[in-house]
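Visitor: One structure follows; several queries about it will come next.
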Amino acid sequence: MSLVHEINYGTPASKSEKLVTLTIDGQEISVPEGTSIMRAAMEAGIEVPKLCASDMMDAFGSCRLCLVEIEGRAGMPASCTTPVAQGISVSTQTQRLKDVRRGVMELYISDHPLDCLTCAANGDCELQDMAGAVGLRDVRYGYDGSNHVKARNNGEINIQWAPKDESNPYFTFDPAKCIVCSRCVRACEEVQGTFALTISGRGFDSRVSAGMSEDFVSSECVSCGACVQACPTATLTEKSVIEIGQPEHSVVTTCAYCGVGCSFKAEMRGEELVRMVPWKDGQANRGHSCVKGRFAYGYSSHKDRILNPMIRDKISDPWREVTWEEAYAHVASEFRRIQYQYGRDSVGGITSSRCTNEETYLVQKLVRAGFGNNNVDTCARVCHSPTGYGLNQTFGTSAGTQNFDSVEHTDVAIIIGANPTDGHPVFASRLKKRLREGAKLIVIDPRRIDLVRSAHVEASYHLPIKPGTNVAILTALAHVIVTEGLADEAFIRERCDWSEFEDWAAFVAEPYHSPEATEAHTGVAAELVRGAARLYATGGNGAIYYGLGVTEHSQGSTTVMAIANLAMVTGNIGRPGVGVNPLRGQNNVQGSCDMGSFPHELPGYRHISDDATRETFEKLWGVTLNNEPGLRIPNMLDAAVDGTFKGLYIQGEDILQSDPDTKHVAAGLAAMECVVVQDLFLNETANYAHVFLPGSTFLEKDGTFTNAERRINRVRKVMRPKNGYADWEVTQKLAQAMGLDWNYGHPSEIMDEIAATTPTFALVSYDYLDEMGSVQWPCNEKAPLGSPIMHVDGFVRGKGKFIRTEYVATDEKTGPRFPLLLTTGRILSHYNVGAQTRRTDNVVWHPEDRLEIHPHDAEQRGIRDGDWVRLASRSGDTTLRALITDRVAPGVVYTTFHHPTTQANVITTDFSDWATNCPEYKVTAVQVSPSNGPTDWQIDYDEQARQSRRIAGKLEAAE
Amino acid sequence: MSANTNAKLIYMANQIATFFQSQPANEAAQGVATHINKYWESRMRRKLFEHIEHGGEGLNPLVLEAAPKIRKPEAA
Ligand code: SF4
Ligand code: SF4
Ligand code: SF4
Ligand code: FES
């Protein structure tokens, strides 16, 4: 094994199709027009010395190291800023060039400490490399004069010098080593789009600073790490590299946090992870990442990880550590006993969107083939199940239509019910880049998310709807498009069912769907709606991106259909730059849905009642499959309360914290006789568990994740599982204990089984993924290279189906007791229930959940910023601290749900989407009042949690 | 069988009916039935039928209209 080295071509690739031929050092080479001479040379294998150039950013031309000579032209142009021209002849190495370069290097080094041997960048430093490349042998100037290197000059304080900034938990900034190449500043602007860094001063006085000369952690910096990666010196360096040293080998793998699915190089020293570096060839992230994937992996070695299996008879008992064999045998006999006593359908399983496709597949296989029922569900139930339902009804596939690259061709983007800068930061960076190039943005969200206005980005329209009125606003947009004659008739006639369209068009054209009529419930001025509709329909390639603010409603599925209708009526389907794009929450939400995690569907979204599909699996598995749909998570909990559901195997999910109406979830779990939790930590659900099986992290296993663009990415093992087994091995052992004859030796064999049974995965194998890097399903005979964009020549279901979308107000209504509407969301630095990110230094950015409240509502209630407030709904109450902001409209409050002490889901109700039971997280009627401490519920909950985390013979396990 | 879960089932069935009510009239009842057949586990359908046999109080008439098209689960 060795390090995966990536070539820095110096400037980005040109998109031109026209080729230009030139000669470099006597070699003839043809490159696309617009390519820099530097890049052309690199493509020919000639590395021109450079310092300020990186192919992640546009050329800048400041270091003057990359000079070349061109026959017949005077002077020495910088090769990074000079484009190729037909027929020119370039020399990259002449005496004159050598002299100039050496002079340039000498100047750099004269203001640079000669610390190489003890420097963290030693071995990975471009400045060092360039000194070597130009043959720098001595430096004639000392540090006696003006410099940035020494804290003191001849005993005097050196005002040019600045101390190291170590405020960021993950990287340091040492101005003494800065060569002011501005790569970091440009990375922050061009790659990340945050504009947190600036160069202040001029000439010799110029220096890099974060924000208004703040330290990093108090600046706008979101800790994405792009600047750290861009820096050619030790100025910006990961603290882990400073601590450990340079890595010696690296393995390409996939981030286990969000649905963007960034590719990373896990850079290792032995089995120690030195750092995670975004991989330039990663087709989802193109070399960028966010703070979570880049830095927040410390949870994997956190002391709270449970490494031994444990069981207990009652949830009030302390845990007892047992051997794996005992644990498997116990689960097997308990599940058999329960099924004997209460019937075959009294047990079930929950698959995880955090686990790999292979692991998810095995859990659903265990339920269907081992338990003999279809009681399997996944946490996508609580997030994107309406996406599957809605897109399947309208288009015929339960997935988004585009790849992320598509955004580079978008002219108008609609973001609805999503907050990409926090939830999907790498996609947000790519979107912002496109917006800076001139694309237009429409935001539909109750809250003024960052994208509405941030550095160099401003939405053309923000429609601040009242929570719960998505269908009304989308139907109003459709009304404008249809009644103003903006529909793309040619597209509809060719691709969609015309009579269904006519029916739908007549429906949306009804006057009561007009923006003027819907204004009363949406709260959005009609003119804004009309303007936004016209812009989307006529502004060129229109793409819709949406998130949980769409799905987590009583009308979640209807909203997804309304989105699909809008895309079809404007012809925005089937090519780059357009489409319907669900932004998936967790890393493998798409995959867990694909893998047959739903109680009514086998892998590949085929209904359980379909005889041919069942037969495929029956033959392979040697069992008869039940043809009835099973229970969904909320139904399981209802059945548990009813006394007909008694045993649950939960892999990698924390339903007690993540699912709505905590008290109902707790009651359901408490009514079960055997709850098995497989996780890294004693999560909240484990408080109600009888068996705990330690889980493994994504660093400890092989597998695949499928991201929001249907991209199947490899997860590669870089260290042995600390708990001894990868999660798929644990499920396999459990299956064996239950008498199933499973003998997978490696996850690749599981993928082979998936490919053999699931037509959309037919060509997928680990070998093929290694060869291709990644593929987007469908990947089969018809689409051997995968399918970056779907519905290109027609919809998967045949004709696109327009479906009427009638707005129905949720029954969750405000009233005198609960006059405010609560909506929930997440924040950049944390992930889902926070079990992982809370166990990293990411807590410096978000130590607690806060309640955002408008100044007007706060004042009425006598609440000041930072006060403790009681948040109550008809389900329950909790306390947290207020954050007064006009990001939320009067009448609306907002919070995140990352911290178990807040238990925001004590507040949320059990209302859910009509089609899929996806809970209505995004609308809850609440009251807010001043408070001076935790509620009784929080105190009881803490006590129960503490009690239930005891492990016999050990000190109390820490949360 | 708790009254509470029964109330929930009625509520869910009515939500489904509400959606299909807005669809073209000739598709509405079939829509409700297909949806329930595809997504409701036998226990839930059984309870729905029990409730209908007891008069079906509180159910949207469209659910009652759809009932003959809903697959009857085998007895428990
Ligand atoms: S930044 Fe590079 S050149 Fe400077 S001391 Fe460190 S290793 Fe040497
Ligand atoms: S870490 Fe990211 S956001 Fe922060 S300064 Fe660097 S590039 Fe900008
Ligand atoms: S911090 Fe690094 S990248 Fe930024 S200007 Fe200094 S040397 Fe260049
Ligand atoms: S690399 Fe071309 S001027 Fe710096």
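The values are calculated or read from the model by the stated rules, or taken from the named source; none is laboratory data. Being a predicted model, the structure only gives us computed values, none of them experimental. Because the Cβ atoms are built from the backbone with ideal geometry, glycine has one as well, and the counts that use them run over all protein chains shown. We work out accessible area using only protein heavy atoms, side chains counted, and drop any ligands, DNA or RNA first. Shrake-Rupley method; radii C 1.70, N 1.55, O 1.52, S 1.80 Å.
Visitor: Return yes when residue A:194 is open to solvent by less than 50 Å² (accessible area, probe 1.4 Å) and either within 14 Å of chain B (Cβ to nearest Cβ) or within 15 Å of ligand 1 (Cβ to nearest atom) (or both) and no when it is not.
Guide: Taking the combined requirement at face value, the residue does not satisfy it.
Visitor: Another one. Restricting to the stretch A:840-867, count the residues that are assigned to a strand (DSSP E or B) and open to solvent by 30 Å² or more (accessible area, probe 1.4 Å).
Guide: 1
Visitor: Just checking, does the stretch A:687-710 include any residue being within 21 Å of the chain's Cα centre (by Cα), surrounded by fewer than 24 Cβ atoms within 10 Å (Cβ to Cβ), charged (D, E, K, R) and at negative phi?
Guide: Yes, the stretch A:687-710 contains a residue that is within 21 Å of the chain's Cα centre (by Cα), surrounded by fewer than 24 Cβ atoms within 10 Å (Cβ to Cβ), charged (D, E, K, R) and at negative phi.
Visitor: Another one. Here are the criteria: (1) over 19 Å from residue A:8 (Cβ atoms); (2) away from ligand 2 (no atom under 16 Å from the Cβ); (3) of a type outside the set (Lys, Arg); (4) modelled with pLDDT of 90 or more. Tell me which single one residue A:170 does not satisfy.
Guide: Checking residue A:170 against (1) over 19 Å from residue A:8 (Cβ atoms); (2) away from ligand 2 (no atom under 16 Å from the Cβ); (3) of a type outside the set (Lys, Arg); (4) modelled with pLDDT of 90 or more, the one that fails is (2).
Table: residues versus (1) in contact with a Ser or Thr (Cβ under 9 Å, 6 or more places away or on another chain); (2) within 16 Å of residue A:4 (Cα to Cα); (3) at pLDDT below 85.
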{"site": "A:202", "(1), (2), (3)": "no, no, yes"}
{"site": "A:218", "(1), (2), (3)": "yes, no, yes"}
{"site": "A:227", "(1), (2), (3)": "no, no, no"}
{"site": "A:235", "(1), (2), (3)": "yes, no, no"}
{"site": "A:238", "(1), (2), (3)": "yes, no, no"}
{"site": "A:282", "(1), (2), (3)": "yes, yes, no"}
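Visitor: Can you tell me which residue in the stretch B:6-22 is most open to solvent (accessible area, probe 1.4 Å), limited to those that are aromatic (Phe, Trp, Tyr) and within 9 Å of chain A (Cβ to nearest Cβ)?
Guide: Out of the qualifying residues, it is B:11.
Visitor: Given the structure, is residue A:635 more than 30 Å from residue A:441 (Cα to Cα) and without any contact (Cβ under 8 Å) to a residue 24 or more places away in the chain?
Guide: The answer is no for residue A:635.
Visitor: In addition: Where in the stretch A:615-724 are there helices (runs of 4 or more DSSP H), lying fully within it, with 2 or more residues that are within 14 Å of chain B (Cβ to nearest Cβ), touching a helix residue (DSSP H, G or I) at 6+ places or on another chain (Cβ under 9 Å) and not aliphatic (A, V, I, L, M)?
Guide: Qualifying helices (runs of 4 or more DSSP H): A:633-642, A:662-670.
Visitor: Is it the case that the stretch A:144-154 has a residue that's within 9 Å of ligand 1 (Cβ to nearest atom) and either within 14 Å of another protein chain (Cβ to nearest Cβ) or among the charged types (D, E, K, R) (or both)?
Guide: no
Visitor: Next question, about the same structure. Out of all the residues in the stretch B:40-50, which are more than 7 Å from chain A (Cβ to nearest Cβ) and open to solvent by 10 Å² or more (accessible area, probe 1.4 Å)?
Guide: B:46, B:47, B:49, B:50
Visitor: May I ask you to list the residues in the stretch A:93-130 that are within 26 Å of residue A:74 (Cβ to Cβ), within 16 Å of ligand 4 (Cβ to nearest atom) and assigned to a loop (DSSP other than H, G, I, E, B)?
Guide: A:93 - this is the single residue of the stretch A:93-130 that is within 26 Å of residue A:74 (Cβ to Cβ), within 16 Å of ligand 4 (Cβ to nearest atom) and assigned to a loop (DSSP other than H, G, I, E, B).
Visitor: Can I ask one more? Looking only at the stretch A:342-367, filter to residues that are within 14 Å of chain B (Cβ to nearest Cβ) and not small (Gly, Ala, Ser); which one of those is most open to solvent (accessible area, probe 1.4 Å)?
Guide: A:344
Visitor: Answer with yes or no whether residue A:180 is under 24 Å from residue A:426 (Cβ atoms) and open to solvent by 20 Å² or more (accessible area, probe 1.4 Å).
Guide: no
Visitor: Go through (1) closer than 30 Å to residue A:839 by Cα; (2) open to solvent by 30 Å² or more (accessible area, probe 1.4 Å) and name the single condition residue A:227 misses.
Guide: Condition (2) is where residue A:227 drops out.
Visitor: A follow-up question, please. Tell me, which residue of the stretch A:528-559 that is in a helix (DSSP H, G or I), of a type in the set (S, T, N, Q) and more than 14 Å from chain B (Cβ to nearest Cβ) is surrounded by the most Cβ atoms within 10 Å (Cβ to Cβ)?
Guide: Filtering first and then ranking leaves A:551.
Visitor: Can you go through A:590, A:586 and tell me which one is more than 14 Å from chain B (Cβ to nearest Cβ) and open to solvent by less than 10 Å² (accessible area, probe 1.4 Å)?
Guide: A:590
Visitor: Now for a separate question. Quick one: in the stretch A:803-821, which of the residues that are more than 11 Å from every other protein chain (Cβ to nearest Cβ) and more than 18 Å from residue B:14 (Cβ to Cβ) is most open to solvent (accessible area, probe 1.4 Å)?
Guide: Checked the stretch A:803-821; the qualifying residue most open to solvent (accessible area, probe 1.4 Å) is A:817.
Visitor: Right, here's the next one. For the stretch A:235-271, which residues satisfy the criterion of being free of Cβ contacts under 8 Å to residues at least 60 places away in the same chain and either open to solvent by less than 10 Å² (accessible area, probe 1.4 Å) or charged (D, E, K, R) (or both)?
Guide: Scanning the stretch A:235-271 gives A:243, A:264, A:269.
Visitor: Could you please find all residues in the stretch A:192-223 being within 7 Å of ligand 2 (Cβ to nearest atom) and out of contact with any strand residue (DSSP E or B) (no Cβ under 9 Å at 6 or more places or on another chain)?
Guide: Answer for the stretch A:192-223, where residues must be within 7 Å of ligand 2 (Cβ to nearest atom) and out of contact with any strand residue (DSSP E or B) (no Cβ under 9 Å at 6 or more places or on another chain): A:192, A:222.
Visitor: Kindly indicate whether residue A:79 is within 21 Å of residue A:230 (Cα to Cα) and either within 16 Å of ligand 2 (Cβ to nearest atom) or in contact with a Phe, Trp or Tyr (Cβ under 9 Å, 6 or more places away or on another chain) (or both).
Guide: Considered against the rule, which asks whether it is within 21 Å of residue A:230 (Cα to Cα) and either within 16 Å of ligand 2 (Cβ to nearest atom) or in contact with a Phe, Trp or Tyr (Cβ under 9 Å, 6 or more places away or on another chain) (or both), residue A:79 comes out as no.
Visitor: Mind checking whether some residue in the stretch B:23-39 is outside any helix (DSSP H, G or I) and either open to solvent by 10 Å² or more (accessible area, probe 1.4 Å) or touching a Lys or Arg at 6+ places or on another chain (Cβ under 9 Å) (or both)?
Guide: Scanning the stretch B:23-39, I find at least one residue that is outside any helix (DSSP H, G or I) and either open to solvent by 10 Å² or more (accessible area, probe 1.4 Å) or touching a Lys or Arg at 6+ places or on another chain (Cβ under 9 Å) (or both), so the answer is yes.
Visitor: Here's something else I'd like to know. Suppose we filter A:91, A:36 for residues that are away from ligand 3 (no atom under 16 Å from the Cβ), within 26 Å of residue A:188 (Cβ to Cβ) and among the hydroxyl-bearing types (Ser, Thr, Tyr); which single one remains?
Guide: So the residue among A:91, A:36 that is away from ligand 3 (no atom under 16 Å from the Cβ), within 26 Å of residue A:188 (Cβ to Cβ) and among the hydroxyl-bearing types (Ser, Thr, Tyr) is A:36.
Visitor: Shifting gears a bit: Any idea which of A:421, A:397, A:410 is within 21 Å of residue A:885 (Cα to Cα) and hydroxyl-bearing (Ser, Thr, Tyr)?
Guide: On inspection, the qualifying residue turns out to be A:421.
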